[in-house]
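Reviewing the structure listed below.
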Amino acid sequence: MSAVEKPLVTPQLVEHSAGERLFVIGEEITVKLSSADTNGEFSLLTESSPPGGGPPPHVHANEDETFIITEGEFEFLIGTETRRARPGDVVFGPRNVPHTFKNASSTPSRMYVLCTPAGLENFFRRVDREIGPGAPDIPKLLAIAGEHGLTFLT
């Protein structure tokens with residue numbers, strides 16, 4: 001193998017209920033494919049958001065995010081544009097562009113989140129492990145975010 005070739009990865013089937021479940025600031029995130037599964041090319045997550053749920057506005061320095069809505073409705077702010085997304089809609093959030101989303105439904109809403117390149121799952125793992133599902137320790141959250149190339153804007 002030359003220095004530019006990446007090692008082969010193992011094909012996988014990840015069943016509907018499988019994956020690593022994490023709880024991050026009121027959101028349930030399931031890691032379906034991680035950096036280790038894809039040689040760092042991408043990670044694939046599912047996210048379940050309670051009514052009114054969603055993260056504060058933020059910016060990623062390291063990855064783009066593509067959101068694929070599967071249930072409910074989300075209101076997205078990408079840059080300065082606010083749009084409503086419904087099942088089947090796809091929203092692209094490029095790195096270095098401020099964005100956020102909010103569940104605009106009265107029931108939990110769900111989506112797939114494709115992160116390119118992979119690595120954002122490591123931020124979610126740390127928040128789940130070090131902060132847990134309750135009210136966040138804001139200084140700790142901001143410190144972890146900074147270590148993973150995220151900046152919260154509020």
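The values are calculated or read from the model by the stated rules, or taken from the named source; none is laboratory data. The shown structure was predicted, so the numbers you read here are calculated from the model rather than taken from an experiment. Cβ atoms come from the backbone with ideal geometry, glycine included; neighbour counts cover every protein chain shown. Surface accessibility is based on the protein's heavy atoms, side chains included, excluding ligands, DNA and RNA. Shrake-Rupley method; radii C 1.70, N 1.55, O 1.52, S 1.80 Å.
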Surrounding net charge for V127, when Lys and Arg each add one and Asp and Glu each subtract one, Cβ distance under 14 Å: -4
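How large is the Kirkwood hydrodynamic radius of segment 23-94, in angstrom, based on all distinct alpha carbon pairs?
Over segment 23-94, the inverse of the mean reciprocal pair distance is 13.5 Å.
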Output the relative contact order of segment 1-138, whole-number percent, from Cα pairs under 8 angstrom with separation of 6+ residues. 29 percent
Residue-normalised value, i.e. accessible area per residue, for segment 1-139 at 1.4 Å probe, in Å², stands at 54 Å²
How much of the accessible area of segment 10-147, probe 1.4 Å, is carbon plus sulfur, in whole percent? 54 percent
Could you work out the local net charge near L150, counting Lys and Arg as +1, Asp and Glu as -1, over the other residues with Cβ closer than 12 Å to its Cβ? -1
Give me the Debye-computed log₁₀ of I(q)/I(0) at q = 0.13, 0.15 Å⁻¹ for the chain, equal point scatterers on Cα only, no solvent, two decimals. -0.59, -0.79
Hey, what does the equivalent ellipsoid look like for segment 64-103, semi-axes from the Cα gyration tensor as sqrt of 5 times each eigenvalue, largest first, whole Å? 17, 11, 7
Using a Förster radius of 25 Å, what is the FRET efficiency between V59 and A36 based on their Cβ-Cβ separation? Nearest 0.05, please. 0.45
Taking Cα pairs under 8 Å and at least six residues apart, what relative contact order does segment 36-97 come out at, in percent? 34 percent
Could you work out the local net charge near G53, counting Lys and Arg as +1, Asp and Glu as -1, over the other residues with Cβ closer than 9 Å to its Cβ? 0
Relative to the first principal axis of the alpha-carbon coordinates of the chain, what is the inclination of helix 120-130, with its axis defined by its Cα atoms, in degrees from 0 to 90 and to the nearest 10? 70 degrees
